[in-house]
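Peer 1: If you scroll down you'll find the structure; I have some questions about it.
The values are calculated or read from the model by the stated rules, or taken from the named source; none is laboratory data. Small disclaimer: the values here were computed from a predicted structure and weren't measured. Glycine gets a Cβ as well: all are built from the backbone with ideal geometry, and neighbour counts include every protein chain shown. Note: areas computed on protein heavy atoms with side chains; ligands, DNA, RNA excluded. Shrake-Rupley method; radii C 1.70, N 1.55, O 1.52, S 1.80 Å.
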Amino acid sequence: MGNEMNATVTMREEINHGLLILRVTPDEPLAPFKAGQYTVLGLPGSAPRSDYADPEDPPADADKIIKRAYSIASSSLEGQYLEFYVALVRGGALTPRLFALVPDDRIWLGPKITGMFTLDDAPSENHLLFFATGTGLAPYLSMLRSAYRFDADRVTVACHAARVSWDLGYRTELEGMAARFPNFHYVPIIDEVERDPKWQGRTGYVNQLVEDGTIEALLGHGIDPGNTSVFLCGNPLMVDSMMELLRKRGFTKHTRKSPGSLFAEEYWKA
Ligand SMILES: Cc1cc2nc3c(=O)[nH]c(=O)nc-3n(C[C@H](O)[C@H](O)[C@H](O)COP(=O)(O)OP(=O)(O)OC[C@H]3O[C@@H](n4cnc5c(N)ncnc54)[C@H](O)[C@@H]3O)c2cc1C
């Protein structure tokens, strides 16, 4: 496949100037995919940048397509469009251009949807702990929106860390799921409390939710790799520190060759 634009922006919703929900409809029928997987978005260097981004120096090559990986946030049952949850990296190459898009703009969508960060290798009876920072929530949204078994005996806990409460994208949708399904718990947590003094919920880092017994209380027992699968997604510092913490509790990272109960997707290198 070439580099010509092959998809159209059909919806954009700015949660705030640093967070964007983008829906993209491909020209060709959507390929089947598994919830949790990612694909690639691209725009030419000539595409305009958001006013909220830093100026680019030196300017990008106008004809070159800038491509980056993005987790799919929409349901794998949705056949028309893919939804993405994107954070603005102000000095970045692609995100300032994604933030400048409006409906009907054209975009490049990678031909492959791929990735191992899915529920495939987590035993279906296991409790599931989802930990996300920022837009690392996207793969869990896709999982929860794709015929998720909320009524199973297992407990699911989705922990979403953000700097401030107005960065907690999809909060209403997740609170709605938690209100409806007793075995599903949504735990938002913020760390820039001084900027958000009215916040009444959890503060700190997701590690604390493990260390202070919050997760155990929701599970009703200890965090056990024998009956619990843990997913980590987003900031590599969170992923690394959670891996270290959970290794001490007997968890090992899952690979196809060596199955474990710990699944990780890092959005960039620390
Ligand atoms: C498998 C995979 C899935 C991904 N899914 C998503 C997704 O669903 N949503 C999303 O927003 N991003 C996602 N990313 C990150 C994305 O691919 C880009 O790296 C990111 O959007 C920055 O692109 P850029 O061109 O604007 O910045 P670049 O010009 O590529 O600059 C990137 C630099 O900025 C830093 N950086 C990258 N991402 C962030 C961030 N979110 N916050 C702070 N600093 C950052 C890193 O230091 C990195 O070296 C994913 C990455 C991978 C590998």
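Peer 1: What's the number of the condition Gly136 fails, among (1) at pLDDT below 95; (2) near the ligand (Cβ under 9 Å from one of its atoms)?
Peer 2: (1)
Peer 1: To continue, here is another question. Name, by its number, the condition in (1) in a strand (DSSP E or B); (2) open to solvent by less than 10 Å² (accessible area, probe 1.4 Å); (3) closer than 30 Å to Gly45 by Cβ that does not hold for Trp108.
Peer 2: The number of the failed condition is (2).
Peer 1: Being outside any helix (DSSP H, G or I) and touching a strand residue (DSSP E or B) at 6+ places or on another chain (Cβ under 6 Å) is the filter; apply it to the range 132-152 and report the residue that is least open to solvent (accessible area, probe 1.4 Å).
Peer 2: Our first condition is that a residue be outside any helix (DSSP H, G or I); within the range 132-152, this holds for 132-133, 146-152.
If we keep only those that are touching a strand residue (DSSP E or B) at 6+ places or on another chain (Cβ under 6 Å) too, we end up with 132-133, 150.
Values: Ala132: 0, Thr133: 30, Phe150: 25 Å².
By that ranking, first place goes to Ala132.
Peer 1: Which of the residues belonging to the range 153-168 are modelled with pLDDT of 95 or more, open to solvent by 10 Å² or more (accessible area, probe 1.4 Å) and away from the ligand (no atom under 16 Å from the Cβ)?
Peer 2: Across the range 153-168, the qualifying residues are Arg154, Val155, Ser165, Trp166.
Peer 1: Now for a separate question. What are the residue pairs meeting all of these: first residue in the range 230-255, first residue over 20 Å from Ala122 (Cα atoms), second residue within 16 Å of the ligand (Cβ to nearest atom), Cβ atoms under 6 Å, and 6 or more apart or on different chains?
Peer 2: Asn235/Thr133; Pro236/Glu266; Pro236/Ala270; Leu237/Ala270; Met238/Thr133
Peer 1: For the range 220-270, which positions are of a type in the set (Phe, Trp, Tyr) and open to solvent by less than 70 Å² (accessible area, probe 1.4 Å)?
Peer 2: Residues of the range 220-270 of a type in the set (Phe, Trp, Tyr): 231, 251, 263, 267-268.
Residues satisfying the conditions are Phe231, Phe251, Phe263.
Peer 1: While we're on this one: Go through (1) farther than 19 Å from Asp167 by Cα; (2) under 17 Å from the mean Cα position of the chain (by Cα) for Val187 and report which single condition fails.
Peer 2: (1)
Peer 1: Okay, moving on. Quick check on the range 152-169. Is at least one of its residues without any contact (Cβ under 8 Å) to a residue 24 or more places away in the chain and under 18 Å from the mean Cα position of the chain (by Cα)?
Peer 2: Pass one, the range 152-169, residues without any contact (Cβ under 8 Å) to a residue 24 or more places away in the chain: 168.
If we keep only those that are under 18 Å from the mean Cα position of the chain (by Cα) as well, we get 168.
Yes, the range 152-169 has at least one match.
Peer 1: Let me ask something additional. Is there a residue being in contact with a strand residue (DSSP E or B) (Cβ under 8 Å, 6 or more places away or on another chain) and among the β-branched types (Val, Ile, Thr) anywhere in the range 76-91? Even if it seems obvious, please write down each step before you answer.
Peer 2: Of all residues in the range 76-91, those in contact with a strand residue (DSSP E or B) (Cβ under 8 Å, 6 or more places away or on another chain) come to 80-88.
Cutting the leftovers down to among the β-branched types (Val, Ile, Thr) gives us 86.
Checked against the condition, which is being in contact with a strand residue (DSSP E or B) (Cβ under 8 Å, 6 or more places away or on another chain) and among the β-branched types (Val, Ile, Thr), the range 76-91 yields at least one hit.
Peer 1: Please enumerate the residues belonging to the range 6-31 that are under 19 Å from the mean Cα position of the chain (by Cα) and open to solvent by 20 Å² or more (accessible area, probe 1.4 Å).
Peer 2: So the first thing to find is which residues in the range 6-31 are under 19 Å from the mean Cα position of the chain (by Cα), and the list is 11-24.
Passing the criteria: Met11, Arg12, Glu13, Glu14, Ile15, Asn16, His17, Gly18, Arg23.
Peer 1: Hey, any hits in the range 32-39 for a residue that's open to solvent by 30 Å² or more (accessible area, probe 1.4 Å), in contact with a helix residue (DSSP H, G or I) (Cβ under 9 Å, 6 or more places away or on another chain) and at pLDDT 95 or above? First the steps, then the outcome.
Peer 2: Here is the first cut: in the range 32-39, the residues open to solvent by 30 Å² or more (accessible area, probe 1.4 Å) are 32, 34, 38.
Those left that are additionally in contact with a helix residue (DSSP H, G or I) (Cβ under 9 Å, 6 or more places away or on another chain): 34, 38.
Now drop any that are not at pLDDT 95 or above, which leaves 34, 38.
Yes, there is a match, as at least one residue in the range 32-39 is open to solvent by 30 Å² or more (accessible area, probe 1.4 Å), in contact with a helix residue (DSSP H, G or I) (Cβ under 9 Å, 6 or more places away or on another chain) and at pLDDT 95 or above.
Yes/no matrix, rows are residues, columns are (1) under 30 Å from Arg149 (Cα atoms); (2) not hydroxyl-bearing (Ser, Thr, Tyr):
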{"site": "Leu43", "(1), (2)": "no, yes"}
{"site": "Ser46", "(1), (2)": "no, no"}
{"site": "Arg49", "(1), (2)": "no, yes"}
{"site": "Ala53", "(1), (2)": "no, yes"}
{"site": "Ala62", "(1), (2)": "no, yes"}
{"site": "Ile65", "(1), (2)": "no, yes"}
{"site": "Ile72", "(1), (2)": "yes, yes"}
{"site": "Ser76", "(1), (2)": "yes, no"}
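Peer 1: Here's another thing I want to ask about it. Condition test on Leu129, is it of a type outside the set (Gly, Ala, Ser), more than 16 Å from the ligand (Cβ to nearest atom), open to solvent by less than 30 Å² (accessible area, probe 1.4 Å) and touching a residue at least 24 places away in the same chain (Cβ under 8 Å)? Working first, answer last.
Peer 2: On the way: of a type outside the set (Gly, Ala, Ser): yes; more than 16 Å from the ligand (Cβ to nearest atom): yes; open to solvent by less than 30 Å² (accessible area, probe 1.4 Å): yes; touching a residue at least 24 places away in the same chain (Cβ under 8 Å): yes.
When the stated conditions are applied, Leu129 passes them.
Peer 1: Further question on the same structure: Right, Glu175: surrounded by 13 or more Cβ atoms within 10 Å (Cβ to Cβ) and without any contact (Cβ under 8 Å) to a residue 12 or more places away in the chain or not? Working first, answer last.
Peer 2: Values: surrounded by 13 or more Cβ atoms within 10 Å (Cβ to Cβ): yes; without any contact (Cβ under 8 Å) to a residue 12 or more places away in the chain: yes.
Yes.
Peer 1: Quick one: count up the residues across the range 99-126 that are within 15 Å of the ligand (Cβ to nearest atom) and in contact with a Lys or Arg (Cβ under 9 Å, 6 or more places away or on another chain).
Peer 2: First, the residues of the range 99-126 that are within 15 Å of the ligand (Cβ to nearest atom): 99-101, 107-110, 112-118.
Going one step further and asking which of them are in contact with a Lys or Arg (Cβ under 9 Å, 6 or more places away or on another chain), we end up with 99-101, 108, 110, 113, 115-116, 118.
Of the residues in that region, 9 qualify.
Peer 1: Can you go through Ala73, Ala100, Ala87, Ala62 and tell me which one is open to solvent by 10 Å² or more (accessible area, probe 1.4 Å), of a type in the set (A, V, I, L, M, F, W, C) and over 15 Å from Gly45 (Cβ atoms)? Talk me through it step by step, then tell me what you get.
Peer 2: Working: Ala73 fails: open to solvent by 10 Å² or more (accessible area, probe 1.4 Å); Ala100 fails: over 15 Å from Gly45 (Cβ atoms); Ala62 fails: over 15 Å from Gly45 (Cβ atoms).
Going through Ala73, Ala100, Ala87, Ala62 in turn, just one is open to solvent by 10 Å² or more (accessible area, probe 1.4 Å), of a type in the set (A, V, I, L, M, F, W, C) and over 15 Å from Gly45 (Cβ atoms): Ala87.
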